[in-house]
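The values are calculated or read from the model by the stated rules, or taken from the named source; none is laboratory data. Predicted model only: the values in this text are computed from it and were never measured. For neighbour counting, all protein chains shown are included, and Cβ atoms are generated from backbone atoms with ideal geometry for every residue, glycine included. Just the protein is used for accessible areas: all its heavy atoms, side chains included, with ligands, DNA and RNA removed. Shrake-Rupley method; radii C 1.70, N 1.55, O 1.52, S 1.80 Å.
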Amino acid sequence: MITLKELYRIGYGPSSSHTMAPRKAATIFLERNPKANFFKVTLYGSLAATGKGHMTDKAILEVLGESRTHITWRPKDFLPFHPNGMKFIGIDALGNTTEEWTVFSTGGGSLSEEGQQDLPFKEIYPMNSATEILSWCMRTGKSYWEYVEECEGKTIWEYLAKVWETMQQAVKNGLEHEGVLPGPLGLRRKATSYYVRADGYQHSMRTRGLLFAYALAVSEENAGGGKIVTAPTCGSCGVLPSVLYHLSTSRQISDQRILKALATAGLFGNIVKTNASISGAEVGCQGEVGVACAMAAAAAAQLFGGTPAQIEYAAEMGLEHHLGLTCDPVCGLVQIPCIERNAYAAARAMDANSYAMLTDGVHQVSFDKVVEVMKKTGHDLPSLYKETGEGGLAEDYKQMWDTLHIH
């Protein structure tokens, strides 16, 4: 596995795979081709199918220049390596090709060339499965976050402090901002109203209402192009911050303990990213919101004093009960059903934590097994349910989407 700095990316929404990664790819290509006067960019598969709603073209044109870049959309053509394919061609003043580069957005803002994952990072974690790491914890008496520190070094805490600061600010910004989100859906922000209404309820309902409010706040910030942290993606960025923010404010948990919980959550997210996928275009929303729920459940279990076995169990339940979840964004936007799913998954993460903490951590289905099943399930899903905007909830709104989409 590679560094958590690659999993927890600080950037601007609405999509890590459709906005962050294409912008990064365009930047790399521009730096490699300083003599190019004109650029041709071809977007394939899911990246082309919902790219307009995710502002993929805007991200690329901001880097390469609108006047000297032509983008071709090929939503029906899926390259073998991954559904989110991009081809960049640079042309100099004499009309000669400077370079052709095909690269893939593989989820969470990561870029990969065919046969090579996560450019340009190296593996730093010798153990890549939850089973191995759990055995290590049991053998050494150490915790998951200590394994992260051993592999990453103490500098990881400085980076995770920035991650936590950004997450908190995203919650606060989302609670302040009101109005309608960008796009044709006319979807109003709801975080503020949930936050205000939650105060009128008794303890249990107030707790759930605040958790919803925090998740909505971050997800709405993302949908509006605000600054967030991929956890593990932009589309699922509200789940983990809402759980951590709620626990830190309601239980006065120190920042130091929150950072350790972030490390543990990131470790479980990294396991999925390495052994399966966190790309909605590849495995559906189970790889985004499902993984985010597992990460948040693991973090919560640690903060509640869970053993390594209980933490693994909480993460396993968080992912298991999202198996088969499709990625069907209406109009290609990270709004419906994405925002609501973040709030719901935050609540399920807390439920998974509660369930696990009532047990001794012993259970039949391991986290690794669920990751294996999630990958297979995702590959078995038809492409129309994997971020193409053609199936599921998106189907009824396809006519509206077609008016925006350039084929």
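Using +1 on the beta carbon of Lys and Arg, -1 on that of Asp and Glu, and nothing else charged, what's the dipole of the chain about the Cα centre, debye to 20?
The dipole magnitude comes to about 640 debye.
Under a 10 Å cutoff between Cα atoms, tell me which one of Leu175, Leu61, Leu325 has the largest fluctuation in the Gaussian network model of the chain.
Leu61
Mind pulling the angle between the C-alpha long axis of helix 367-380 and the longest principal axis of the chain? Nearest 10 degrees, somewhere in 0 to 90.
Taking Cα atoms only, the helix is inclined about 30 degrees.
Once you've got the GNM for the chain with C-alpha springs shorter than 10 Å, pick whichever of Ile311, Ile133, Ile278 has the biggest mean-square fluctuation.
It is Ile133.
Between 0 and 90 degrees, rounded to the nearest ten: what's the tilt of helix 156-176 against the longest Cα principal axis of the chain?
80 degrees
Say we join alpha carbon atoms closer than 10 Å with springs in a Gaussian network model of the chain; which of Glu340, Glu288, Glu31 then has the biggest fluctuation?
Glu31
Accessible area per residue, 1.4 Å probe, Å², for the chain: what's the number?
Per residue, the chain has an accessible area of 41 Å².
Over the chain, what is the relative contact order in whole percent, taking alpha-carbon pairs under 8 Å and six or more residues apart?
Computed over the chain, the figure is 19 percent.
Using only Cα atoms, find the angle between the long axis of helix 338-357 and the longest principal axis of the chain, and express it within 0 to 90 degrees, rounded to the nearest 10.
30 degrees
Can you list the cysteines of the chain that have no other Cys Cβ under 4.7 Å away?
Isolated Cys, the chain: Cys137, Cys151, Cys234, Cys237, Cys293, Cys331, Cys338.
If each DSSP helix of 4+ residues adds -39,500 (n - 2.57) and the sum is divided by the residues in the chain, what number results at 222 nm, nearest 500 deg cm²/dmol?
-16000 deg cm²/dmol
With a 1.4 Å probe and all protein chains left in place, how much of the accessible area of the chain comes from carbon and sulfur atoms, in whole percent?
51 percent
Taking a 1.4 Å probe, which of Thr230, Thr97, Thr42 shows the most accessible area, and what order do the others take after it?
Most to least solvent-accessible, the answer reads Thr97, Thr42, Thr230.
So if R0 is 45 Å, what FRET efficiency would Ser193 and Leu384 give, r being the distance between their Cβ atoms, rounded to the nearest 0.05?
0.85
Can you tell me, using C-alpha contacts under 8 Å and at least 6 residues apart, the relative contact order of segment 27-132 as a whole percent?
Reported relative contact order: 27 percent.
For an R0 of 30 angstrom, estimate the FRET efficiency from the Cβ-Cβ distance between Asp77 and Arg32 and round to the nearest 0.05.
Calculated transfer efficiency: 0.75.
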